[in-house]
Amino acid sequence: MRQWYSHQGHQKITSEEKNTVTTMTELSPTAGKNSQDIQGDEKLSPRKAPGICSTRYGIAFMVHLCNFIIMAQNIIMNITMVAMVNSTTHQPSFNDSTEGLPIDSFGDPNNSPKSLPAGAPVYDWNPQIQGIIFSAINYGMILTLAPSGYLAGRVGTKRVVGAALLGSSLLVLFTPLAADFGLVFLTATRILQGMSLGLGYGGQFAIWERWSPPHERSRLCGVAISGLLLGTSIAILLGGIISQTLGWPFVFYIFGGFGCVCFPLWCVLVYDEPIAHPWINITEKEYILSSLAQQVSSTKQPLPIKAMVRSLPLWSMCVCCFSHQWLINVITIYAPTYISSVFNIDIRNSGFLSALPFIIAWVVCLLGSYLADFLLTKNFRLVTVRKIATVLGNLPSSTFLLVLPFVASNYIIAVSLLTLSCGLGLLCQPGIYVNALDIAPRHSSFLMGMSRAFAQLSAVLAPTVSGFLLSQDPEFGWRNVFSLSFVINTLGLIFYLIFGKADVQDWAKERKLTHL
């Protein structure tokens, strides 16, 4: 069979191959059938392409590695804060230290972390200042999440995410020096780091417009995005150990340096599309390009902003992402504090126990993504798979959190519910978080960045509202926090179940140009 592409990269299609493309067009989203009816390998490609050892999975692994690095760099401030201050009553979101960070140091302002390296500087930051430092990175992320998706769609994921990886790594290396310069320098550094992380989070999805066959989107995106969870787990496990043995500045030096080392690998191994990759197998190249023939446009399409604003399927995806992120923020920030206040046991003092929910979430994310693609091969409609994954990632997690205040007499059950709630929440990954690739593949990079920017608002609102509820009602405050989270999560889920779609929307289809 003649190759489809010449050495210069121009497409050559024989009459026989035109018949193949015509057959595929009948299955495409722009033909009579919806894209959600596309099932199985044999309907998408004229030949079987390499599997997990293929180039596209190598790309997924590199994005996984990048996510691992930027998420670890995101949370290390939460881990090192206990060692950076000489007195605090503020409990950070993550802390895995057992030795040298006794429980008393969290509750007694006269106690400070012990057994820390003598050369590590210590600062007099009250809880309010610590809150400013923690939140600064979120404000930076909100600024760049949506624009990063659009930018990556224009100039490519390789450039945008590469710049984010290098920028975040350099800023992390600079963080200890910025802390010495003062609060203003440190806050500015954190905001800039948040902007870099926003570029990385929102800009990575454009690569799957040209690398992921429709029936492999869940698993490829799952492999890539699961790096965020693994990065969280490893940072929690190692951050406290490094802080105690070498000093807290070395946590920033090690994770920042690792990012700088991986930056050249990203530049050499990652390409924005199969046709530009110098080492891809020709069979795999034909397989990917043929499966995306009716979804990827060779020309840049303008954003149909008005149609997007009026699109209920798009709004349902954004609202459900927001409600799910509200749940995740409450779980990671307040559920461990609840366990500590009820049982007088701070689970943050156990590195493994703190990392366990994220390790489980990492496994669940990978298995759930593969399960979603498996269901597509068993004649499940695409919209059904997306909604099943979204339900499984929302309802059990929010229910477990709702039940948490009613099992206050049993520590093991409470911690188990917390762990399962966090772990099962990642079943949403092959649901709402990849839905933009279904409803608007040509604009998915912008939409995925925009939906994450909308969801990131929960990182600001959830702690504010939850803190208000806890301060207003000491007796039933926790029950109110978890009940509100359940209600918000359920409403977002219902909205998505009613209006969510998985077929390409009319406003997302390629516009035909009339030639004279």
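Amide H to amide H distances under 5 Å link TYR123 with VAL85, ASN86, where only residues 5 or more positions off or on other chains count and H is placed in the peptide plane. The accessible-area ordering, largest first, of the residues PHE185, PHE205, PHE68 stands as PHE185, PHE68, PHE205, per a 1.4 angstrom probe. At the residue level, LEU312 shows approximately 80 square angstrom of accessible surface with a 1.4 angstrom probe and all protein chains present. The listed residues SER243, SER135, once ranked by accessible area (1.4 Å probe) with the largest placed first, stand as SER135, SER243. Backbone phi angles across the stretch 133-138, fed through the Karplus curve with coefficients 6.51, -1.76 and 1.60 (θ = phi - 60°), yield HN-Hα couplings of 5, 5, 7, 4, 5, 5 Hz in residue order; Gly and Pro are listed as x. Looking at the square roots a ≥ b ≥ c of the eigenvalues of the Cα gyration tensor of the stretch 191-254, which shape do they give, rounded for a/c under 1.5, prolate if a/b is larger than b/c, or oblate? It is oblate, given that a/c is not under 1.5 and a/b is not larger than b/c. When VAL364, VAL319, VAL63 are compared by accessible area of protein heavy atoms, the largest-first order is VAL319, VAL364, VAL63, using a 1.4 Å probe.
Estimated translational diffusion coefficient (Stokes-Einstein, Kirkwood radius over Cα pairs, 25 °C, 0.890 mPa s) of the stretch 150-218: 185 µm² per second.
Rounded, prolate or oblate: which fits the stretch 393-485 when a ≥ b ≥ c are the square roots of the eigenvalues of the alpha-carbon gyration tensor, with rounded for a/c under 1.5 and prolate only if a/b beats b/c? Note, shape of the stretch 393-485 comes out oblate.
The values are calculated or read from the model by the stated rules, or taken from the named source; none is laboratory data. Computed from a prediction, not measured in an experiment: that's the story for all the values here. For accessibility, only protein heavy atoms count, side chains too; no ligands or nucleic acids. Shrake-Rupley method; radii C 1.70, N 1.55, O 1.52, S 1.80 Å.
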